[in-house]
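No value in this document is a laboratory result; all are computed from the given coordinates. Worth saying up front: this structure is predicted, and the values here are computed from it rather than measured. Here Cβ is always computed from backbone atoms with ideal geometry, including for glycine, and neighbour counts include all displayed protein chains.
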Amino acid sequence: MPLTSWIQKNKIPTLMIAAVVLFTAMKWQGNAKTADGELSAPLKRSVITESVYGIGTVTANKTFQFKPGTINTIHNIFVKEGDTVKYGDRLLELDGGLMVAAPFDGTVTSLPFKVGENVFAQSVIIDVVDLLDRYLVVSLEQRGALRVRRGQSASLSFDGMRDQSFAGKVDSIYSSGNNFLVRINIAELSPHILPGMTADTAIAITEHKDVLLVPVAAIESGKVTVQRPVGKQAIAVTTGIIDGVMAEVTSGDLKEGDRLLIRKGNKK
């Protein structure tokens, strides 16, 4: 018996049939798990940025070390380690009433000698650092350093402050020994971040807007498996920018709203 005749004979309302069809479709769309793995969120167009990554070290712009030119004796010490000093504040008194004063506003970070001790020429007897005037130095591999340019944007995150990121700009790229270094200026940095602390740093190299993105975990040997009403289909794709989690699709039979299979063990 034809299905339409059976429906009419059994007096099944058309609205009920439509509801069943709609429910089945919604259930298929909402089911994110399959026997092979999980389905991705529906694909969408967005912005993706390719970055160069490195570990940066916070560095003070202004540091002061006092080293006497001859053997000397410390007669007075007017500060202690951790003290905040202003420009011109007295720090030490040496032989002959020689006074050592702060050359800028800063913090005393090292004071290794005591009153009455003799110090040899060129021994560092005090360090003063401006803890608020800082920049970042990032060491990169050659491949990454070749792509960095002055003016590129950078994003910084610190261990213990993962919920907060800081923005910076590349100021210069240079070499020191066998190291390739990038100086990044930071407009606003928390006063709790001190010279010597390290940051995970991402320097933005290229940005593409309004492009279709797919999870990197869904790509296997240049193909993705898309779940559609007719079943699973393997589709070859070509990718552009990859940010480590998502990839730009430059060619392939994919569209917004498609859901891709992420096989067990591939999920990141």
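In percent, rounded to a whole number, the relative contact order of the stretch 63-129 is 44, using alpha-carbon pairs under 8 Å and six or more apart. Summing -39500 (n - 2.57) over the DSSP H runs of n ≥ 4 in the chain and dividing by its residue number, what mean residue ellipticity at 222 nm do you reach, to the nearest 500 deg cm²/dmol? So the helix-based figure for the chain works out to -3000 deg cm²/dmol. Each Lys and Arg Cβ is given +1 and each Asp and Glu Cβ -1; about its Cα centre, the stretch 63-129 then shows a dipole of about 40 debye.
Only Cα pairs under 8 Å and 6+ residues apart enter the sum, and on that basis the relative contact order of the stretch 151-268 stands at 20 percent.
Near SER51, the amide H atoms lying under 5 Å from its own belong to ILE205; only residues 5 or more places off or on other chains count, and H is placed 1.01 Å from N. Helix 14-30 and the longest principal axis of the C-alpha atoms of the chain enclose an angle of approximately 30°. For the stretch 46-61, the residues whose amide N sits under 20 Å from a probe point set 7 Å from the Cα of ARG149 along the beta carbon direction are 48-54.
Close amide H pairs (under 5 Å, H built 1.01 Å from N) link MET197 with VAL58, residues at least 5 positions away or on another chain. Note: relative contact order over the chain, using C-alpha pairs below 8 Å and six or more positions apart, is 24 percent. Of GLY151, GLY37, GLY160, which has the largest mean-square fluctuation in a 10 Å C-alpha GNM of the chain? Comparing GLY151, GLY37, GLY160 in a Gaussian network model of the chain, the most mobile one is GLY160. Distance between the 7 Å Cα→Cβ label points at HIS208 and ALA101: 6.1 nm.
Projecting the Cα atoms of ALA60, VAL211, TYR174 onto the charge dipole of the chain (Cβ charges, centred on the Cα centre) puts VAL211 farthest toward the positive pole. Charge dipole of the chain (Cα centre as origin; +1 on each Lys and Arg Cβ, -1 on each Asp and Glu Cβ, all else neutral): 1800 debye, rounded to the nearest 20.
Cross-link pairs exceeding 30 Å between alpha carbons, from the set LYS169/LYS264; LYS80/LYS169; LYS86/LYS114; LYS62/LYS169: LYS169/LYS264; LYS80/LYS169.
Working from the pairwise distances between different alpha carbons, so that the mean of 1/r is found and then inverted, what is the chain's Kirkwood radius in Å?
24.4
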